[in-house]
Amino acid sequence: QMQLVESGGGLVQAGGSLKLSCAASGILLGGYAVGWFRQHPGSEREFVAAINWNGRNTNYADSVKGRFTISRGNAGNTVYLQMDSLKPEDTAVYYCARGKDNSDLSAAAVNYYYWGQGTQVTVSS
């Protein structure tokens, strides 16, 4: 089965940390950019972070810069999102997706596919 699976979400107090994982099954992540997006209740899906094909370059939304870190696992089939200093406004369903060819760390969802089902992150005050 070809799919991306997000995990690691949960409930955390403001100021706490979570680490999300994006695991590939039957899909190649090595050689492709991977992005994290999130969707607040009643809002549109928004860009969070992206990492390029070899993990040497990253891109972050201004709202998470300095607090979140995207990285690639050594095996090449997993991408992580380390989230520190979490705020209530970070509450959302978080999704990962594989970039299309030449996505080049794009913040536009149209440049990604193979979306996962999402993992819920809830940050309490």
For the range 1-25, what are the residues that are in a loop (DSSP other than H, G, I, E, B), within 27 Å of D101 (Cβ to Cβ) and touching a residue at least 60 places away in the same chain (Cβ under 8 Å)?
M2
Among the residues of the range 82-107, the number that are over 12 Å from the mean Cα position of the chain (by Cα) and open to solvent by 40 Å² or more (accessible area, probe 1.4 Å) is 9
Across the range 54-81, what is the number of residues that are within 24 Å of G10 (Cα to Cα) and either surrounded by fewer than 14 Cβ atoms within 10 Å (Cβ to Cβ) or basic (K, R) (or both)?
5
Answer yes or no: is there a residue in the range 46-67 that is in contact (Cβ under 8 Å) with a residue 60 or more places away in the chain and of a type outside the set (V, I, T).
yes
Failed criterion for T119 (all others in (1) open to solvent by less than 20 Å² (accessible area, probe 1.4 Å); (2) more than 18 Å from C22 (Cα to Cα) hold):
(2)
Among the residues of the range 26-53, how many are open to solvent by less than 50 Å² (accessible area, probe 1.4 Å) and part of a strand (DSSP E or B)?
10
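The values are calculated or read from the model by the stated rules, or taken from the named source; none is laboratory data. As the structure is a prediction and not an experimental result, all values here were calculated from the model. Here the Cβ is made from the backbone with ideal geometry for all residues, glycine too, and neighbour counts use every protein chain on show. Accessible surface areas use protein heavy atoms only, side chains included; no ligands, DNA or RNA. Shrake-Rupley method; radii C 1.70, N 1.55, O 1.52, S 1.80 Å.
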